[in-house]
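The values are calculated or read from the model by the stated rules, or taken from the named source; none is laboratory data. Source: prediction; values computed, not measured. FYI the Cβ positions are ideal-geometry reconstructions off the backbone, even for glycines, and counts take in every protein chain you see. These area figures cover heavy atoms from the full protein model, side chains too; ligands, DNA and RNA do not enter into them. Shrake-Rupley method; radii C 1.70, N 1.55, O 1.52, S 1.80 Å.
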Amino acid sequence: TVPIATSADVVVTWASTMLHCGISIYRLLDASSTATETDSDTVDPIDMVLSPAANTFVIGTGINYGGASWTWTGITEDVNLAVGENNAYVASASDFFASASPLLAIKGDPAGGTTNAVGVCAVFTGG
């Protein structure tokens, strides 16, 4: 966590050589620093289901190779960009839920014939 009115450096360190790395950074005020629920998928399109309680943030992200931009349903797209070489794309989406949303279906769908697609999403309480 970073206190309000300060800044931070974000450093990504890997234990081995990586082909690509894409990150999205979100600032959540008055939110937990630990996810209360997560889901992931490795099949294109990326399908995930969460049950966010009232006053929660949902953040999802995905990366794929050989495709293009992503389309999200269930949460609102924030980031969609090419990273590195070989047509790698990273995308992120988020939303705040004032009311509970049982069985929220989240889909991240990379365009084109993609390979090695992976997506994850998480719920954080607060707000």
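Could you tell me which of Ala91, Pro3, Thr42 has its Cα farthest along the dipole of the chain towards the positive end, charges placed at Cβ (Lys, Arg +1; Asp, Glu -1), taken about the Cα centre?
About the Cα centre, the residue reaching furthest to the positive side is Pro3.
Given R₀ = 30 Å, what would the calculated FRET efficiency be for Asp30 paired with Glu77, taking r from the Cβ atoms and rounding to 0.05?
Details: r = 24 Å, r/R0 = 0.80.
Here the calculated transfer efficiency is 0.80.
May I ask you to compute the full-extension gain from Asp47 to Ile4, defined as 0.36 nm times their residue separation minus their alpha-carbon distance, rounded to one decimal in nm? Could you put the intermediate results ahead of the total?
On the way: separation 43, 0.36 × 43 = 15.48 nm, distance 3.45 nm.
Stretched fully, the Asp47-Ile4 segment lengthens by 12.0 nm.
Rounded to the nearest 20 Debye, what is the dipole magnitude of the chain about its Cα centre when Lys and Arg each give +1 and Asp and Glu each give -1 at the C-beta? Kindly include the intermediate steps, with their values, before the conclusion.
Details: 2 positive and 12 negative charges, 29 e Å.
Around 140 debye, computed over the chain.
Using only alpha carbon pairs under 8 Å that are at least six residues apart, calculate the relative contact order of the chain and give it in whole percent. Could you put the intermediate results ahead of the total?
Numbers: 305 pairs, mean separation 47.1, N = 127.
It comes to 37 percent, rounded to a whole number.
Share of the chain's accessible area from carbon and sulfur, percent, 1.4 Å? Before the final figure, lay out the partial values.
Values: 3970 of 7370 Å².
Exposed carbon and sulfur together represent 54 percent of the surface.
Would you look at the GNM of the chain, springs on alpha carbons closer than 10 Å, and say which of Gly74, Gly108, Gly62 moves the most?
Of the options given, Gly74 has the highest mean-square fluctuation.
Mind computing the radius of gyration and Dmax over the alpha-carbon atoms of the range 23-89? Å is fine for both.
In order Rg, Dmax, the Cα atoms of the range 23-89 give 13.6, 40 Å.
Once Rh for the chain is found with the Kirkwood sum over Cα pairs, what is the Stokes-Einstein diffusion coefficient at 20 °C and 1.002 mPa s, in µm²/s?
Result for D is 140 µm²/s.
How long is the range 16-56 along each principal axis, judged by its Cα atoms, biggest number first, in Å?
Its Cα atoms span 38, 23, 15 Å along the three principal axes.
Counting only heavy atoms of protein chains, what accessible area per residue, in Å², does the chain have with a probe of 1.4 Å? It would help to have the intermediate numbers written out before the result.
Working: 7370 Å² over 127 residues.
Dividing the accessible area of the chain by its residue count gives 58 Å².
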